[in-house]
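Okay, handing you the structure first.
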Amino acid sequence: MRLLHGRHLGYCTNVHAAATWPELRQTLDGPVCAVRNRVLTPEKPFGLGLWFSADVANALSVPGALDDLKAWLKETNSYVFTLNGFPYGKFHGEAVKENVYRPDWTTRERLDHTIRLFDLLAALQPKDTPVGTVSTLPGSFKGFGLDSSAEEQIFRHLAECAIHLDQLRDRYGRNFILGLEPEPLGTFETTLETWLFFKKFLVRPDTPRCAREVIGVTYDACHLAVEFEDARTGLEHFRDAGIPLAKIHLSSALRLKPTNAALFALQHFAEPVYLHQVIARNADGELHRWQDLPEALAWAESVSETNRGVEWRVHFHVPLHAAPTPPLYDTRAHLSGVFDFLARDSASCPHLEMETYTWAVLPEALRTAQVEEQIAAEYAWTLAELRKRKLAE
C-alpha cells in the first residue's frame, strides 16, 4: 500500500508455499486476496512484495505468460513494487537450511535469475512508481568456505547485474535497486562487514560507476537485531556511506536470557526446515555464534547456566503483533529504532516489507489463527507504529 513520503508497504509472499506458477496463481486467488480484503477496501491499491522462485520466474518469462498476472493485478486493484529474490527453489515443506544460499553469487545461475526477476518487475510495476527493488542473499554463506577467487566471481556478477539495471533505468525511466541482505553467517552479516564488502567492491576498476546507485542493501530488522546492533546507528551508517537502502524487512527475532527454563521453551523452535542461527553475548560484550539452533542447545547442555552468556538472539522470524510467552521475548525494540529512523529521514528507503515466513513452523502457541488472519494482524500492528510517527495516514 502507499504510505506517506512516497514509501510503499507490503508483505512478502514467501510465507506461502508457492514454488511453481500454478501454486502461486492459486495463492493469489486464495490467501493473498483474503489478506487484501482484510487490510484495504477495494478502491485502495494493494502493494505486493512477491516471491518468485526460479521455476516461477522461468514460467513467467515466456512471451505472453505475464498477461494472466497483469489481469489479476488490475482486477484486484493491486500492484507489485518489489520482489524477493533470496530463496531460489522450494522454500516450504522440506529441509532448506543452508541450501537457501544456493546457488550463490559465485554462480551464473544466481546472476541470470536476478536479471530475470528485474525484467519481470519492470514489466509488472506501475509507471508511477519511481523505484523497483529486488532483495537477494549477501553474496554467499560463510559455511561454504569461499576463497578470494570466489569473491572475485561475486564482484564480477554484481557488476554485470549493475550494468543491466542501468540499462533498465534508461529503458523504463525509473530506478531499479538490488538489495543485498546481511544475514547471520552470510558472506557479510554485520553493518561493518557489509560496509567493508561494498568498499572493496566499489573501488575495483571493473566495477561500473552505476553500481553506486543500483547495488544497495536490504536491511532485515530480525537479522541485525540478532547481531545485537542498534538500528539507528546501522541505518545511519549505510545512509552516510552512500549505500542505497533498497528495502527494509520488518521482522522480529527471538531473544532470551539462557536460563534452564528459557532453553526448555526454546526447544520448541528447533525445527528441520530453516536455518536458525544463534548469537550469544557475554557480560563483556563478546559474541559467540552457532550455525543452527540445535547446535547451540547442545552446547548449552554441556556448560553451567552461568557460562552460557547473558543474552541469546535467535534467527527465527516471529510474528510482529504477538510477543512470545516469557521467558522468551522478541526484538521489536529494534524495529522501533527502524521506525524512528524512517521518521527522521523521510527520503530514505522507499520500500517496507513485512517478512514473517516461518508461520508453518511456529510452535502451536503462536499459530492461533489462519495465516491470512496473522498477516492482517501484522498489518494492523505495523500501520499503528507508522501512524504514531506520521509515516502513514
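Considering each residue of region 170-194, count those that are surrounded by 18 or more Cβ atoms within 10 Å (Cβ to Cβ) and either touching a helix residue (DSSP H, G or I) at 6+ places or on another chain (Cβ under 9 Å) or of a type in the set (Phe, Trp, Tyr) (or both), and give that number.
Within region 170-194, residues that are surrounded by 18 or more Cβ atoms within 10 Å (Cβ to Cβ) and either touching a helix residue (DSSP H, G or I) at 6+ places or on another chain (Cβ under 9 Å) or of a type in the set (Phe, Trp, Tyr) (or both) number 17.
Shifting gears a bit: Would you say Tyr357 is within 21 Å of the chain's Cα centre (by Cα) and not in a helix (DSSP H, G or I)?
So Tyr357 fits the description; yes.
Sort out which residues of region 116-151 are over 16 Å from Asp104 (Cβ atoms), in contact with a helix residue (DSSP H, G or I) (Cβ under 7 Å, 6 or more places away or on another chain) and either aromatic (Phe, Trp, Tyr) or part of a loop (DSSP other than H, G, I, E, B) (or both), and write them in order of number.
Phe118
To continue, here is another question. So which helices (runs of 4 or more DSSP H) stay within region 171-288 end to end and still have 3 or more residues that are aromatic (Phe, Trp, Tyr) and touching a residue at least 40 places away in the same chain (Cβ under 8 Å)?
The helices (runs of 4 or more DSSP H) meeting that bar are 191-202.
Given the structure, is Leu320 in a loop (DSSP other than H, G, I, E, B), at pLDDT 95 or above, under 24 Å from Leu83 (Cα atoms) and under 18 Å from the mean Cα position of the chain (by Cα)?
Answer is yes for this residue.
Still on this structure: Whether any residue in region 368-390 is within 25 Å of Glu98 (Cβ to Cβ), part of a helix (DSSP H, G or I) and not small (Gly, Ala, Ser) is what I want to check.
No, there is no match, as no residue in region 368-390 is within 25 Å of Glu98 (Cβ to Cβ), part of a helix (DSSP H, G or I) and not small (Gly, Ala, Ser).
Here's another thing I want to ask about it. With region 1-111 as the region, which helices (runs of 4 or more DSSP H) entirely inside it contain at least 3 residues that are touching a strand residue (DSSP E or B) at 6+ places or on another chain (Cβ under 9 Å) and either modelled with pLDDT of 95 or more or surrounded by 14 or more Cβ atoms within 10 Å (Cβ to Cβ) (or both)?
Where helices (runs of 4 or more DSSP H) fall fully within region 1-111 and carry at least 3 residues being touching a strand residue (DSSP E or B) at 6+ places or on another chain (Cβ under 9 Å) and either modelled with pLDDT of 95 or more or surrounded by 14 or more Cβ atoms within 10 Å (Cβ to Cβ) (or both), they are 33-39, 67-75.
In region 303-317, how many residues are in a strand (DSSP E or B) and either at pLDDT below 95 or not charged (D, E, K, R) (or both)?
Residues in region 303-317 being in a strand (DSSP E or B) and either at pLDDT below 95 or not charged (D, E, K, R) (or both): 5 in total.
Only one residue in Glu236, Glu213, Glu229 is closer than 18 Å to Arg332 by Cβ, among the charged types (D, E, K, R) and at pLDDT 95 or above. Which one?
None of the other options fit; the residue is Glu229.
The values are calculated or read from the model by the stated rules, or taken from the named source; none is laboratory data. What you see is a predicted model, and the numbers here were worked out from it, not measured in a lab. Using ideal geometry, Cβ is built from the backbone for each residue, glycine included, and neighbour counts are taken over all protein chains shown.
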